[in-house]
Amino acid sequence: MYYHRINNEIKVGLSVPQFAEELFILTNRNREYLRTWLPWLDTIQKISDTREFLVLQLQRFSKGEALHQTIFYREEIAGVLGYNLLDRANGIGHIGYWLGQEFTGKGIMTLAVKDLICQGFKNWPLQKVEIRCAVGNKKSRAIPERLGFQNEGTLRNAEKVYDKYNDHIVYGKLKEEIFC
């Protein structure tokens, strides 16, 4: 299995079906914590749902449409991140991420997102990366803010999460602003 080591405690790897059981357990254990911000939790009810999702992400990766990575902290799956969409026509990579609650506050996601951005600009013809975060999701918003992204505005009612709509702040970083 290919892994990319970020530091002594953090590594990322291409998400593969072999990670399905451990990733499902993490998702299930954090279901209530993640439910506030992630609309897809009800579609993941068993390990096979996670496995099917990972197979789909590998298919999208093989077509150059997306990149889904699993984050490991001290050899344990801590969460995921990736380019949910690689918009090749416009040269924009759209980043998404989440961590299990027990892994937050350790700087894991900031380092992983920074690494992902560098990978994106080196491996794809991107001219920009975007991160969209729910206005109320302060932990998620802290990542692009810490990494020097520009707040490009707010999209109203941008995402339905169960019974409510969340406004999203769009953060952007241009290729000439990178730190790699």
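Quickly run through the range 1-35 and pick out the residues that are in a loop (DSSP other than H, G, I, E, B) and under 17 Å from the mean Cα position of the chain (by Cα).
Within the range 1-35, ILE6, SER15, VAL16, ASN30 qualify.
Determine whether TYR33 is of a type in the set (Phe, Trp, Tyr), at pLDDT below 95 and surrounded by fewer than 19 Cβ atoms within 10 Å (Cβ to Cβ). Judged against the criteria, TYR33 is not a match. Of all residues in the range 123-171, those satisfying the criterion of being in a loop (DSSP other than H, G, I, E, B) and touching a residue at least 24 places away in the same chain (Cβ under 8 Å) are TRP124, PRO125, LEU126, GLN127, VAL135, GLY136, ASN137, LEU147, GLY148, PHE149, TYR162.
Considering the conditions (1) out of contact with any Ser or Thr (no Cβ under 9 Å at 6 or more places or on another chain); (2) of a type outside the set (D, E, K, R); (3) within 27 Å of ASN166 (Cβ to Cβ), ALA78 is excluded by exactly one of them, (1). Where strands (runs of 3 or more DSSP E) fall wholly inside the range 36-112, the ranges with 3 or more residues that are in contact (Cβ under 8 Å) with a residue 60 or more places away in the chain are 67-73, 76-87. Among the numbered conditions (1) within 13 Å of the chain's Cα centre (by Cα); (2) surrounded by 20 or more Cβ atoms within 10 Å (Cβ to Cβ), the only one that ASN84 does not meet is (2).
Yes or no: ILE6 β-branched (Val, Ile, Thr) and closer than 22 Å to HIS168 by Cβ? Against the criterion (β-branched (Val, Ile, Thr) and closer than 22 Å to HIS168 by Cβ), ILE6 does not qualify. Looking across the range 125-144, the residues that are surrounded by 15 or more Cβ atoms within 10 Å (Cβ to Cβ) and of a type outside the set (S, T, N, Q) come down to LEU126, LYS128, VAL129, GLU130, ILE131, ARG132, CYS133, ALA134, ARG141, ILE143, PRO144.
The values are calculated or read from the model by the stated rules, or taken from the named source; none is laboratory data. Please read all numbers here as calculations on a predicted model, not as lab measurements. Cβ sites come from the backbone with ideal geometry, for glycine too, and all protein chains shown count toward neighbours.
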